[in-house]
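Taking it in order: structure first as C-alpha cells, then the write-up.
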Amino acid sequence: MKSWLTTTDHKRIGLLYFFTAFAFFLIGGIEALVIRAQLAQPNGHLVTAETYNQLFTMHGTTMVFLALMPLSASFFNYIVPLQIGARDVAFPRLNAFSYWVFLLGGLFLNASWLVGPLFHAGTLNVAPDGGWFGYANLTERQFSPGPNIDFWLLGLQILGISSLAAGFNFIVTILNLRAPGMRMMRVPAFTWMTLVTQFLVITAFPVITVGLAFLMFDRFFGAHFYVHEAGATPILWQHLFWLFGHPEVYILILPAMGIVSDVLPTFARKPLFGYTVVVYSGVLIGFMGWGVWSHHMFSVGLGPIADSVFSATTMLIAVPTGVKIFNWIATLWGGDIRGTTALHFAVGFIAMFIIGGLSGVTHASPPTDLQQTDTYYVVAHIHYVLFGGTIMGLFAGIYYWWPKMTGRLLSETLGKWHFWLQFVGMNLAFFPMHFIGLLGMPRRVYTYSPELGVSDLNLLSTIGAFLIALSIFVFLVNLLRTRTHGQRAGNDPWGGATLEWSIASPPPVYNFSVIPTVANRLPRWKTEHHEPMRDPPATPPAPIHVPGGSWWPMLAAFGLPILALAPLTHTLWLALVGAAVLLAGIYLWAFEPFEV
Amino acid sequence: MNEHSQNEHSHPTADVYLRVAAVLVILTVLEVGVFYVPVFHPVLVPVLLVLSGAKFTLVVMFYMHLKADSRVFTFLFGAPLLLAAVVMVALLFLLLGALTLRGAAGAG
Amino acid sequence: MTHAASAAAHHTSLGLDSRKMAFWAFIGSECLLFTSLISTYLVYKGKSVVGPYPHEILNIPFTSVSTFDLLMSSLMMVLALAAVQRGDMRWGKIWLFSTALLGLVFLGGQVIEFTEFVHKGLTLQTNLFGCTFFVLTGTHGAHVSVGVLWLLTLWVRALQGKLTQANAMTVEITGLYWHFVDVVWIVIFTVVYLIQ
C-alpha cells in the first residue's frame with residue numbers, strides 16, 4: 001500500500017491513472033444514462049430541470065477532463081518511456097504530483113454531487129450546471145448564486161495544474177530520454193502524437209487558466225471581466241474558452257490517432273504507410289488546431305471577415321486529418337491482417353471518425369452551422385469524434401497494451417462481444433441524433449414535447465446508450481476474468497515492432513536490463529533492409545539504480561484542493577493552510593535526496 | 001561537472017553582462033524620454049514598441065543565453081511566443097471589432 | 001560497473017539538461033498566460049464606464065524607478081550566475097542576495113502603488129481598468145514573489161554551504177525564471193504605463 005502511495009514508477013502511475021480515469025469514465029457514463037433515460041420519452045420527469053443541467057454539465061466535464069484525457073495519460077505514462085527505451089520519465093516525482101493533483105481535482109469536482117446540505121442548498125446535489133463550456137455571463141454570481149459554478153471553476157483550475165505538469169514532463173522525456181540511436185524520425189507514432197499533444201497542453205491550458213481566473217475574480221471579489229453593465233463583453237470568455245477548447249479537442253483525439261497508428265501496422269504486419277507523412281500531418285494538425293477556435297462561435301455574429309477566415313481554416317484542417325485516414329487505410333491494404341479485438345477497435349475508430357469528421361466539415365460553413373448550433377446535430381458530431389474516435393482508439397490501446405501492462409491477454413471472445421455491442425450501441429445512440437437535431441430539437445433542454453416528432457428517434461438513441469453500457473459491462477467482466485483466467489502474454493504476444501515488446505510483461509521496475517541501441521524505425525522486425533534487434537537479456541548484467549518513492553509530491557498535491565476550499569467556503573485560514581501545505585510539500589520535495 | 005565546463009564556453013563574461021545592462025538602462029531612459037517629449041507623440045506607439053522589443057530581445061539573448069544556447073531552447077520558447085503574438089493580434093481584431101460594433105449600435 | 005550504469009542513467013539524447021529544458025517549456029507556456037492577460041487589458045482599454053482612468057492615476061516617474069530596479073536585479077542575477085560558475089561563492093552569495101533584495105524593493109513599490117490607487121478610488125471592483133490592471137500586474141507581482149522566495153532559498157543554501165559551483169545549473173534555471181519575469185515587466189511597462 002505504502003509503495004503505491006509513494007510510487008514514482010511511471011508504470012505504477014500509469015496503472016493508477018488508468019483505474020482512476022476508468023472509475024470517472026463509469027461515473028460520466030452513469031450520468032449519460034440518466035440523461036438518456038430522461039429523454040427516452042417526451043415530457044420525461046425522471047429528474048428535475050436543475051438536476052438535468054447538472055447531469056449534462058458534469059457528463060461533459062467528467063468525460064473530457066476526468067476520463068478521456070487521463071486515460072490517454074495512462075498510456076503516456078505506461079507506454080511512452082517503454083517505446084523510447086527509457087527507465088522512467090524525466091521527472092518521476094513531478095509525474096506522481098500530476099497524478100495526485102488529477103485524483104484530488106476529480107474528487108473535488110465530484111464532491112459537488114453530495115455536499116448540498118453543507119451549503120444549505122435544499123438539495124443533495126450542487127454540481128456545476130453551466131455546461132462544460134461554462135458560458136459567461138450565465139456563470140456570474142448574479143445568475144448562478146450557488147456553489148455549483150465555484151466547484152466547476154476551482155476543480156478545473158486544479159486539473160489544469162496536473163495537465164501542465166505532465167505536459168512539461170513528457171516533452172522533456174520524449175526529447176531528452178530517447179535510447180541511443182532513436183532519432184526523432186524513428187520514434188513510434190504514438191510517442192510522436194503524445195509529444196504534439198503535450199505541446200498543445202502547455203500552450204492551451206494557460207489560456208483557460210486566465211479565463212477561469214477572471215471568472216474567479218468576478219465571482220469571489222466582485223470584478224467585472226464578463227459583466228456587460230461595466231462595459232465588458234461576455235464574448236471574451238467564449239474566445240478564451242475556445243482558444244483553449246479547440247486545441248483541447250486535438251488533445252483528446254491525437255493520442256487515439258497515435259494508438260491506431262501503432263496498432264494497425266502490428267496486425268497488418270506491414271510498416272505504417274507513410275510514417276513521415278503521418279507524423280508531419282499530426283504536427284500540422286497541432287499547429288492548425290490553434291487557428292480554428294472561432295468556428296464554435298459563428299452564431300455570435302463575428303462579421304463576414306472572421307466567419308470566412310475561420311470557415312476556411314476549419315475546412316483546411318480536414319486535409320491533414322484526411323491524409324492520416326488514407327495512410328491508415330493504405331497500411332491495411334494488402335496486409336497480412338489478423339482480426340484481433342485491438343484491430344477491430346482501430347478499424348472502428350477509422351470508420352466512426354470519418355463520420356464525425358464529415359459532420360464536422362458541415363459546420364465549418366457558417367450558414368449551415370447556424371442551423372445546427374445548439375441542436376442535437378452537434379451532439380451527434382462530438383460523440384462520433386470523441387466516442388467513435390477517442391474511446392474506440394483508447395479501447396484499441398487497452399486491448400493492445402493490456403498484456404504488456406499486466407502480463408495477461410484479455411479474452412478475445414469477450415473482446416469481440418464488447419466491440420460489436422459497443423459499435424452497434426454507439427451508432428444506435430448517436431446516429432439518430434443527427435436527425436433529431438436537424439428536426440429541431442435543441443440540446444441541453446431537459447425534455448421535449450411529443451409534437452416535435454422526435455420521440456421514436458430519442459427512444460432508439462436511449463436503447464443505444466444502454467447497449468453501450470452493456471458493452472462496458474462485458475469489458476469489465478473481461479478485465480476481472482483476465483486477472484485469474486487470462487492467458488499469459490509473454491514478452492510479445494502480437495509480434496510488435498517497437499521497443500516495449502522487447503521486455504517482460506509486465507516489465508521489471510527498471511524496464512530495460514540494458515538500454516537498447518536503436519538502428520531503425522522498426523527495431524524488432526526483420527525487413528529487406530535489416531535484421532531484428534536482439535532483445536535485452538532477462539536479467540541485468542549490472543546492478544541498476546532505481547529511484548525510491550516519495551511522499552512529498554502527494555503532500556504538495558493536497559495543498560491545492562485545500563487552497564480551493566478557501567474561496568468555496570469563504571474561509572481565509574484555509575487558504576493559509578493550503579499554501580503552507582503546498583509550500584511544505586515543495587520544499588521537502590526539493591531537498592529530499594532523490595537520485596534519478 | 002561536465003555541464004559546468006560547457007557553460008563556461010557558451011556563457012558571456014561579466015563584462016558583456018555589464019555592457020548589456022548599460023544598453024538596457026539607456027533604452028529605458030529613451031522610453032521614458034519619448035513619453036514626455038511632445039514631438040514624438042504621433043509616433044509614440046511604434047517607437048515604444050521597438051524600444052521595448054529591443055530590451056526584450058537583449059535580455060532573452062544575453063541574460064537568458066539564448067543567443068549561444070541550444071536551438072531546442074529557442075524552439076521551446078520561440079514557438080509559443082510566436083503563437084502568443086498571433087493569438088494576441090487575432091483577439092484584438094476579433095474583440096475590438098465586436099466591441100466597436102456594439103458601441104456603434106448603441107450610439108445609433 | 002555501478003558507476004557506468006549511473007552514467008548511462010544520466011545520458012540524455014540531446015545532451016541538454018532536462019531541468020533546463022523543462023523550464024524553457026514552462027516559460028513558453030507562461031508566454032500564453034501573460035498574453036491572455038495583456039490581450040484582455042488591451043481589449044478592455046478605454047471601455048471603462050466610470051473613472052478613474054489610466055492617465056489620471058498612473059505614476060510614470062515612480063514606475064520608471066521600479067522598472068530600473070527590476071532591470072538592475074536582472075544584472076545582479078547574471079553576475080550571481082557568473083560568480084557561482086567560476087566557483088566564487090563569496091560574490092555568488094552577495095549577488096544572489098542583491099537580486100532578491102531588488103526584487104523585494106520592486107514588490108514594495110507595487111504595494112505602495114496599489115495602496116495609492118485604492119486611496120484614489122481604483123479597486124478591483126471599480127471599473128474594467130481596475131479589473132484588468134490589478135489582475136495583470138498582480139499576476140506579475142505574484143511571479144516576482146515566487147522568484148524572491150526562490151532566490152532567498154538559494155541564498156540560505158549558499159550560506160549553509162550546500163549551494164556550490166556544482167549547482168550552477170540550479171542558479172542558471174533560477175535566473176531563467178527571474179529574467180523572464182523581468183522581460184514580462186518590460187512589456188507591461190510599455191503596454192500599460194507608457195502607451196496610454
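Rule-based calculations on the coordinates, nothing more; no lab input. If you're wondering where the values come from, they're calculated on a predicted model, not measured in any experiment. Please note: Cβ atoms are built from the backbone with ideal geometry, for glycine as well, and neighbour counts cover all protein chains shown.
Figures for the structure shown
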quantity: Cross-link reach list, aspartates and glutamates versus C:Lys162, counting only Cα pairs under 17 Å and skipping chain neighbours closer than eight places; calculated: A:Glu592, A:Glu595, C:Asp88, C:Glu172
quantity: Average Cα contact separation per residue, chain C, under 8 Å, 6 or more apart, as relative contact order %; calculated: 32 percent
quantity: Sequence-distant aspartates and glutamates (8 or more away, or on other chains) whose Cα lies within less than 16 Å of A:Lys324; calculated: A:Asp262
quantity: Cα-derived Rg over Rh, computed across the range A:434-507 with Rh taken as Kirkwood radius; calculated: 1.33
quantity: For chain A: span of alpha carbons on each principal axis (Å, largest first); calculated: 70, 57, 50
quantity: Taking only Cα atoms of the range A:484-596, radius of gyration then Dmax in Å; calculated: 22.9, 69
quantity: For A:Thr375, residues with placed amide H under 5 Å, excluding near neighbours; calculated: A:Arg443
quantity: Amide H partners (placed H, <5 Å) of A:Val187, local residues excluded; calculated: none
quantity: Given 10 as the ceiling on other Cβ atoms within 10 Å, longest exposed-site-free region of chain A for GluC sites (Glu not before Pro) in DSSP loops; calculated: A:1-527
quantity: Computed lengthening from A:Arg481 to A:Ile329, 0.36 nm per intervening residue step minus Cα-Cα distance; calculated: 51.4 nm
quantity: Selection from A:Thr539, A:Pro493, A:Leu55, by position along the positive dipole direction of chain A (Cβ); calculated: A:Thr539
quantity: Greater than 23 Å apart at Cα, pairs in A:Lys404/C:Lys20; A:Lys270/A:Lys526; C:Lys47/C:Lys120; calculated: A:Lys404/C:Lys20
quantity: Cα radius of gyration and Dmax for the range A:79-217 (Å); calculated: 19.0, 63
quantity: Nearest-0.05 FRET efficiency for C:Arg90 and A:Ser449, computed from C-beta distance (R0 56 Å); calculated: 0.10
quantity: Over the range A:128-178, volume per residue of the alpha carbon convex hull, in Å³; calculated: 73 Å³
quantity: Where the Cα pairs of the range A:339-485 fall when distances are cut into 10 Å bins, in %; calculated: 12, 36, 29, 16, 7, 1
quantity: Karplus-derived 3J(HN,Hα), 6.51/-1.76/1.60, for each residue of the range A:48-64, Hz, glycine and proline x; calculated: 6, 4, 4, 5, 4, 4, 5, 5, 6, 5, 6, 4, x, 4, 5, 5, 6
quantity: Local electrostatic count, A:Ile171, Cβ distance below 13 Å [Lys/Arg +1, Asp/Glu -1]; calculated: +3
quantity: Relative contact order, percent, chain A [alpha-carbon distance under 8 Å, six or more residues apart]; calculated: 17 percent
quantity: Using a Förster distance of 30 Å, the FRET efficiency for A:Arg141-A:Ala584 (Cβ separation, nearest 0.05); calculated: 0.35
quantity: Rg and Dmax of the range A:6-100, Cα atoms only, in Å; calculated: 17.7, 57
quantity: Cross-link partners of A:Lys11 among aspartates and glutamates (Cα-Cα below 17 Å; sequence separation of 8 or more within a chain); calculated: A:Asp88, A:Glu500
quantity: Mean Cα-pair separation over length for the range B:1-69, i.e. relative contact order, pairs under 8 Å, 6 or more apart, %; calculated: 41 percent
quantity: Rounded FRET efficiency, nearest 0.05, which uses the C-beta distance separating A:Thr276 from A:Glu592 and R0 of 45 Å; calculated: 0.55
quantity: For the range B:1-69: Kirkwood Rh in Å [reciprocal of mean 1/r, alpha carbons]; calculated: 13.7 Å
quantity: Gain upon complete extension [C:Ile112, C:Leu14; 0.36 nm per residue less C-alpha separation]; calculated: 30.6 nm
quantity: Paramagnetic reach from A:Val514 in the range A:539-571 [backbone N under 14 Å; point 7 Å along Cα→Cβ]; calculated: A:539-543
quantity: Sparse-neighbour loop sites [chymotrypsin sites (Phe, Trp or Tyr not before Pro); the range A:314-365; at most 14 other C-beta within 10 Å; DSSP]; calculated: A:Trp333
quantity: Interatomic Cα distance distribution for the range C:39-159, bins of 10 angstrom, percent; calculated: 13, 36, 26, 16, 8, 1
quantity: Degrees between helix A:341-362 axis and first principal axis of chain A (Cα, 0 to 90, nearest 10); calculated: 40 degrees
